[in-house]
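Take a look at the structure below.
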Amino acid sequence: MHNGRGWLSTGNMAAFAGGAVAAVVASRMLPPLMAQAVGSARAAAGRDPFEALIKDHRQFVALLSEMERSPNDAVFQRTQLLLRLKRRLTAHALAEEDVIYPMLHDRANAVEDARHLYGEHAEMKMHLHALEQMPKGDPRWLDRVGALKALIQTHARQEEEIDFPKLRQLLSDRQTARLSGSLQREKAFVL
């Protein structure tokens, strides 16, 4: 470190700090951008972005069913299942809240539907929080899991039977491709 020319010189430290900042920025920015490109490519290849959301719904119900089948002493298993559900549901909800529901509100003129769906997402988040706080061996834990599962099933039915078809009818192929990319980008912020 003599005369500022050693490996700990001011210039080397500044270069290291700049590189570290660039790496952090890239690690947060690149995944959403790449996900958006992949989502758009999938839609261009004929994949329906609404089918991906429907697939998510099925996965949530499957995870909740697995939780319901778990014995009260399976604390570790319940914790792992809950964390998987929370992460996936958070990504899915972010995508719907930032992309789908504004489209319902603005383009499909389904203002009340959008508000109702936002409200149900808030309710789901409260259930998730309660499940995290509650001891996993508590017998009431399964009641809360059942309530969350019923809410998600009702919510998914509304989206799949009413709201997604409305949006499908309004969107061109190009808009659908852009929608797919936007959904993937939003999910990548969480995943």
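Assorted remarks:
- When V145, V190 are checked against the criterion of being modelled with pLDDT under 90 and either surrounded by 18 or more Cβ atoms within 10 Å (Cβ to Cβ) or closer than 21 Å to T90 by Cα (or both), V190 stands alone in meeting it.
- Between M126, M134, the distinction of being in contact with a Phe, Trp or Tyr (Cβ under 8 Å, 6 or more places away or on another chain), surrounded by fewer than 20 Cβ atoms within 10 Å (Cβ to Cβ) and hydrophobic (A, V, I, L, M, F, W, C) belongs to M134 only.
- Some residue of the stretch 125-140 being closer than 22 Å to R178 by Cα and of a type in the set (A, V, I, L, M, F, W, C): no
A quick yes/no check of all residues on (1) in contact with a Phe, Trp or Tyr (Cβ under 9 Å, 6 or more places away or on another chain); (2) at pLDDT 95 or above; (3) within 29 Å of A177 (Cα to Cα):
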| position | (1), (2), (3) |
| --- | --- |
| L53 | yes, yes, yes |
| F60 | no, yes, yes |
| D73 | no, no, no |
| Q77 | no, yes, no |
| L82 | no, yes, no |
| L89 | yes, yes, yes |
| H92 | yes, yes, yes |
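- The stretch 134-181, residues that are more than 21 Å from F60 (Cβ to Cβ) and either among the hydroxyl-bearing types (S, T, Y) or not in a helix (DSSP H, G or I) (or both): P135, G137, D138, L171, S172, T176
- Members of the stretch 83-133 found to be farther than 18 Å from K55 by Cα and of a type in the set (K, R), listed by number: R107, R115, K125
- Taking the stretch 115-135 as the range and being among the hydrophobic types (A, V, I, L, M, F, W, C), free of Cβ contacts under 8 Å to residues at least 40 places away in the same chain and closer than 17 Å to A156 by Cα as the test, the residues that pass are A122, M124.
- Single match in H105, H92 (criterion: without any contact (Cβ under 8 Å) to a residue 40 or more places away in the chain and surrounded by 16 or more Cβ atoms within 10 Å (Cβ to Cβ)): H105
- Screening the stretch 67-77 for residues that are in contact with a helix residue (DSSP H, G or I) (Cβ under 6 Å, 6 or more places away or on another chain) and touching a residue at least 12 places away in the same chain (Cβ under 8 Å) and picking the one that is surrounded by the most Cβ atoms within 10 Å (Cβ to Cβ) gives M67.
The values are calculated or read from the model by the stated rules, or taken from the named source; none is laboratory data. Quick caveat, the model's predicted, so the values are computed rather than measured. When we count neighbours, we look across all protein chains shown, and the Cβ atoms used for this are built from the backbone with ideal geometry, even at glycine.
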